[in-house]
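The values are calculated or read from the model by the stated rules, or taken from the named source; none is laboratory data. Because the structure is predicted, anything quoted here is derived from the model rather than measured. Accessible surface is based on the protein model in full, side chains and every heavy atom, while ligands, DNA and RNA are left aside. Shrake-Rupley method; radii C 1.70, N 1.55, O 1.52, S 1.80 Å.
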Amino acid sequence: MWFFLKKRRLLKLLDDLAFYNDKGHIYSRHDQKQVEKKREEYALKIERLIKACPATLIPDALIAAVKSRDVTLDSSYKYVKILEDHTPKGSLQIK
């Protein structure tokens, strides 16, 4: 069951990153270098969590987005939705 906790943390990280890309980088008043650093920190945390989960729990689209770093630019919560859709209903929704 530990992997469900990891997956929940992954969902939260994706949500936080999407918020940061949407408005958080403006609220934080980060310059471009700080924004890039923050996005890379998120990407590394997300990568570690994905590696800690069984492959069947993580959608291929998310894995590809992490490898290409597309996930670091998402501000539409697209990858949150992809992970939620790949999860049994009600088990990992963000509260």
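What is the angle, in °, between the Cα long axis of helix 32-52 and the longest principal axis of the Cα atoms in the chain? Nearest 10 is fine, range 0 to 90.
10
Cα convex hull of the chain: how many Å³ per residue? Write down the numbers at each step before the final one.
On the way: hull volume 8.5 nm³, N = 95.
In the chain, the Cα convex hull volume per residue is 90 Å³.
Of all the accessible heavy-atom surface of the chain, with the other protein chains kept in place and a 1.4 Å probe, what percent is carbon and sulfur?
Using a 1.4 Å probe with all protein chains present, the chain comes out at 57 percent carbon and sulfur.
What whole-number value in Å² describes the accessible area per residue of the chain for a 1.4 Å probe? Show your work: numbers first, answer last.
On the way: 6080 Å² over 95 residues.
Here the residues of the chain average 64 Å² of exposed surface.
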